[in-house]
Amino acid sequence: MDAFKLLSGLNEPQRVAVSAPRSHFLVLAGAGSGKTRVLVHRIAWLLEVEKCSETSIMAVTFTTKAAKEMKDRLDKLIGIAKEDMWIGTFHSLSYRLLCSHYLQAHLPSNFQILDSEDQSRLLERLIKSMNLDSKKWSASKSACYINNKKEKGLRPQDINNYDSFTESTWIRIYKTYQDSCERSGLVDFSELLLRSYELLRDQPQIRDYYQTRFTNILVDEFQDTNHIQYEWIRILSGVSSKVVIVGDDDQSIYGWRGAQVENIQRFIQDFSGAVTIRLEQNYRSQNNILVAANSLISYNNVRLGKKLWTEEGNGDQIIIYHALDDLDEARFIVSSLKEWVREERSLDQCAILYRTNAQARILEEILLENNIPYQLYSGTHFFQRKEIKDLLAYLRLIVNRNDDTAFERVINTPLRRIGTQTLERIRQISRDYKLTLWQSSQELLKRKGLLGSMVASSLKSFIVLVDELDQSTKEFPLDVQTQQVLHNSGLWIMYRDSKKEIDQSRIGNLEELVTLSRKYASFQHTYSEMTPLQDFLSYTMIDLGVENDRNKRKDSVKLMTVHGSKGLEFLQVFIVGMEEGIFPSQISLKKGGELEEERRLAYVGITRAMQRLTLTYAKKRRLYGQEVSYMPSRFISELPDHCVKKIVFNTGMDQHLNKEAMASSLIDKETYFSIGQRVNHKKFGLGTVINISGIGKDRRVQVVFKNQDVKWLVAVYARLSVQ
Ligand code: ATP
Ligand code: MG
C-alpha cells in the first residue's frame, strides 16, 4: 500500500500525526476526533512506509475488546495483524513477558493468575489466621491497600511507616499475603504489572533485548494509565524507541483506581522532544450531541481545555425522559427500541449504559419480556460463575498442586466429608510450617493418628483423585482433558443430580467451557513453553485476545457500564439512572474532586452516541432492595436547552417549553445537598451537612461548622458552596 492511500480519509492534523517522522509525540484530543484511528494508521505507516518490522511494534490498549478492534482495523487497512506484533492490554502484555521469562521473574513455570474474587478469599483466610479483627482489617480494604501499593510500585519493605500501628498492620497483611502467593505460585492483576516491571528493571539483558526490539511503542487511552503502567512504558523504551501516546484528559475515569492524568504532562517532560498534536474535528456525533457534551464538560475546572466541532448537522434533539419509576424507565427504552426496529435499523448499533451493574437487572427483565435480544457486557463474568470456577479450580490443581485458592475451593466440592475442622487443621499446619495446603495435607496424612480414619481416607482419596486426573488426561487434547476433568471430578454428576433449577443451567455453562477450550486450542499460541492447559487457564483470567463469543447474539442491544463503553461508538445510546446519588454517585457527592471525575464519566457516556441519545431518570426506583427517590442529575441541567427535548412519564407531553418545570428543577439543583457533603458558608466557614428537610424553596439543611456550631439554614438563601 502506498503512502497516499494510508493518508486518504484523514484530515490535516491527523495526517501530520500519522506521517510524522519517527519521534515521540502525543495526540491530545476530545472524544470521537479519531485518536484511535490515528494510532491504527500510524502503525500501518510505520510498517508500510517506514519499513519498520512487525516485531518492532508494541501497541497498548485498555481493554481486550479494544485490542481486538485494533487488530481488526489493521487487518482491514493493510491485511496483516500478526502475532509478531505485541498488541494487547497492559495485563496481557505483562503476562506475556512473565511467561517468557518466568525463571528470571522468580516464578514457577506453572504460575497462575489470581482474580480479584480469589484474592479476597485468600485475604479473608489469611487475616483470620493472623488473629486480626476481620471487620477492621477486612479483605476488601486489604485488597485495596495491597493493589494500591503495587500500583505505586511498592513492596512491603519499601513502605516505611512503622511508627503507626495501623500502617504497620497493613504492611504485615501485605507481606503475609505476598508470601502466600509466592508459595502457591499465584500472581494477582497488579502483580502482573509490577512483577514484569521489576523483571525489566533488575535484568539488564532482558531489558536491553526488549528496548532494542520495541522501537515503536504506541499507547491508546493514555489518560487512564497509573504510576506503574507509566513506569512500565518508560522502562521499555530504550534509546532508539519512539513512543506515541493518544489520550483525552476529559475522559480520565479511573482516578479511583490510581490513574494519573498528570502522566500526560510527565510524558512531555520525560520523553524529550515530544510534541503535542491536537485534533478538533469530531467525526462521530451529530452536532446536538456534541454541543451538549462540550457544555457539560465545561463545568469542570481542572481541564487542559479543548473544543470539538463537527461538520455534521444538528440531528435529533437529545431526549430526556422523566420516568415514573425504574420499570417505566425500562419500558420507555423498549418502546424506543421497537420504534428503531420499525425504521428497519439494527439493534447491534444500540447501547444502554448505566453507572453500576446493579442497574442492569431490571433492564434485562423488561428486554426479555419484550423479546428484544440483548448482550450483557458486564455483571458476573462468565469465568467468575460458581460452577465455572469449580471446574477451573480442578484444572488449576492439575497444573499446580500448590495453588491454595483452588485447593480450598474444591477440597469439599462435591461433598466428600472434609469439614471445616479438618480444613482448619490443614491450614494450621500450613501456617506453622509455611507449607501450601497441598503439602500440609500430605504432611497430615504422613503423621498417623492426627486425623480420624474416615477423614484421613477422604483426604487421601482427594489427593489421589487430583493426581489421577492429572496423569490420566495429560496426553489428551485440551478440550478432551477439560471434558474428562468435568466428569471424573464428580462435578458433572453433582450438578446433574441437584434438585435446584439453577444447577441445570450450570451444566450448560460447564459444557460451554469445554466448547470454549476446543475453540481456544484451535488458535495458535506461541507465547512460551506453557502447556495448552496452562495457557488456557491464563486466558480465562485475562482474556488473552481470542474473541469470546459466548452469548453473542446477532443483532442485539448492548448493555454495559459507562466505564465499559470507553472507546466505543453506537448509533443510538441510552443512559439510564441520571439521578443525584446514582450518576453522579453517592460517594462522589461526598468527596471533593470526585464530582469532576463523575462528570468526565458522563462526558464519556454522551460522546458514545452518533445519532440518537436518550437520558432517563426516575422519580423513584428500587436499588439494592430499597426504594429510593433522588433528584434529577445535575448533569442534565448542564446541557443547553436547545439541544434537549424533555418528555415526562404518562403524559407523553413535550416539556421543552415548560419554563416552570425548568425553574423548579433549577431550584432543586441549587438547593440539592446530601448528608455528609462538605460545604462552605461565607460567614461560618467550612462545615458538613448532617441533616436535610423539605424540598425546593423550603429545603433546609443542618450543618455542623468547623467551630462545632450546628445550624439549620434555608438552602436557597444560605448560598452554601459545595466543596
Ligand atoms: P474516543 O475518545 O471515544 O476513543 P477517538 O478519538 O479514538 O474517540 P475514533 O474512534 O478513532 O475516535 O474515531 C471516531 C469515529 O470517527 C470513528 O468512526 C472513525 O472511523 C471516524 N473518523 C475519525 N477520523 C475520521 C476522518 N478523518 N474521516 C472520516 N471519519 C473519521
Ligand atoms: Mg479511541
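The values are calculated or read from the model by the stated rules, or taken from the named source; none is laboratory data. Everything quoted here is computed from the prediction, not taken from an experiment. Cβ: placed from backbone, ideal geometry, glycine included. Neighbour counts: every protein chain shown. In case anyone asks, the SASA skips ligands and DNA or RNA and just uses the protein heavy atoms, side chains included. Shrake-Rupley method; radii C 1.70, N 1.55, O 1.52, S 1.80 Å.
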Problem - Where a residue in the stretch 27-42 is more than 15 Å from residue 243 (Cα to Cα) and hydrophobic (A, V, I, L, M, F, W, C) and its partner, wherever it lies, is more than 6 Å from ligand 1 (Cβ to nearest atom) and assigned to a strand (DSSP E or B), with Cβ under 9 Å and at least six apart - result: 29/246; 29/247; 29/277; 29/278; 29/279
Problem - Wholly within the stretch 548-648, strands (runs of 3 or more DSSP E) carrying at least 2 residues that are more than 16 Å from ligand 1 (Cβ to nearest atom) - result: 557-561, 609-623, 626-628, 644-648
Handout entry: Sole residue being out of contact with any strand residue (DSSP E or B) (no Cβ under 9 Å at 6 or more places or on another chain) and more than 16 Å from ligand 2 (Cβ to nearest atom), chosen from 251, 211, 229
Key = 211
Problem - All positions within the stretch 228-263 that are closer than 27 Å to residue 298 by Cα, away from ligand 1 (no atom under 13 Å from the Cβ) and of a type outside the set (S, T, N, Q) - result: 254, 255, 256, 257, 258, 259, 261, 262
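Quick check: anything in the stretch 264-286 in contact (Cβ under 8 Å) with a residue 60 or more places away in the chain, within 20 Å of residue 96 (Cβ to Cβ) and more than 16 Å from ligand 1 (Cβ to nearest atom)? Let's see the steps before the verdict.
The initial filter retains those residues of the stretch 264-286 that are in contact (Cβ under 8 Å) with a residue 60 or more places away in the chain, namely 264, 267-268, 271-286.
Then drop every residue that is not within 20 Å of residue 96 (Cβ to Cβ), which leaves none.
Scanning the stretch 264-286, I find no residue that is in contact (Cβ under 8 Å) with a residue 60 or more places away in the chain, within 20 Å of residue 96 (Cβ to Cβ) and more than 16 Å from ligand 1 (Cβ to nearest atom), so the answer is no.
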Problem - From 29, 44, residue being in the same structural domain as residue 206 (by TED's automatic domain parsing), more than 16 Å from ligand 2 (Cβ to nearest atom), at pLDDT below 95 and open to solvent by less than 50 Å² (accessible area, probe 1.4 Å) - result: 44
Exercise for the section: Tell me, yes or no, whether the stretch 3-16 has at least one residue that is surrounded by 17 or more Cβ atoms within 10 Å (Cβ to Cβ), among the aromatic types (Phe, Trp, Tyr), farther than 14 Å from residue 278 by Cβ and more than 13 Å from ligand 1 (Cβ to nearest atom). Expected result: no
Completion exercise
Taking the stretch 543-558 and keeping only residues that are surrounded by fewer than 20 Cβ atoms within 10 Å (Cβ to Cβ), modelled with pLDDT of 70 or more and not charged (D, E, K, R), one is left with 556
Exercise for the section: Search the stretch 618-636 for residues that are farther than 26 Å from residue 292 by Cα and of a type in the set (Val, Ile, Thr) and pair each with any residue that is at pLDDT 80 or above and outside any strand (DSSP E or B) when their beta-carbon atoms are under 9 Å apart and the residues are at least 6 apart or on different chains. Expected result: 628/582
Handout entry: Qualifying residue in the stretch 68-76 (condition: among the hydrophobic types (A, V, I, L, M, F, W, C) and touching a Gly at 6+ places or on another chain (Cβ under 8 Å))
Key = no
Handout entry: Some residue of the stretch 578-593 being under 19 Å from residue 250 (Cα atoms), in contact with a strand residue (DSSP E or B) (Cβ under 8 Å, 6 or more places away or on another chain) and open to solvent by 20 Å² or more (accessible area, probe 1.4 Å)
Key = yes
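Specify which of the listed residues (587, 575, 582) is in contact with a Lys or Arg (Cβ under 7 Å, 6 or more places away or on another chain) and within 25 Å of residue 626 (Cα to Cα).
582
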Problem - Qualifying residue in the stretch 235-256 (condition: in contact (Cβ under 8 Å) with a residue 40 or more places away in the chain, over 26 Å from the mean Cα position of the chain (by Cα) and outside any helix (DSSP H, G or I)) - result: yes
Completion exercise
The condition from (1) open to solvent by 40 Å² or more (accessible area, probe 1.4 Å); (2) part of a helix (DSSP H, G or I) that residue 126 misses is numbered (1)
Exercise for the section: Determine whether residue 140 is open to solvent by less than 40 Å² (accessible area, probe 1.4 Å) and part of a helix (DSSP H, G or I). Expected result: no
Exercise for the section: Go through (1) assigned to a loop (DSSP other than H, G, I, E, B); (2) open to solvent by 40 Å² or more (accessible area, probe 1.4 Å); (3) within 15 Å of ligand 1 (Cβ to nearest atom) one by one and return the number of the condition residue 50 breaks. Expected result: (3)
Completion exercise
Those residues of the stretch 263-282 that are in contact with a Ser or Thr (Cβ under 7 Å, 6 or more places away or on another chain) and in a strand (DSSP E or B) come to a total of 2
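Does residue 174 meet the test of being more than 30 Å from residue 396 (Cα to Cα), more than 16 Å from ligand 1 (Cβ to nearest atom), open to solvent by less than 30 Å² (accessible area, probe 1.4 Å) and at pLDDT 90 or above? Talk me through it step by step, then tell me what you get.
Details: more than 30 Å from residue 396 (Cα to Cα): no; more than 16 Å from ligand 1 (Cβ to nearest atom): yes; open to solvent by less than 30 Å² (accessible area, probe 1.4 Å): yes; at pLDDT 90 or above: yes.
So residue 174 does not fit the description; no.
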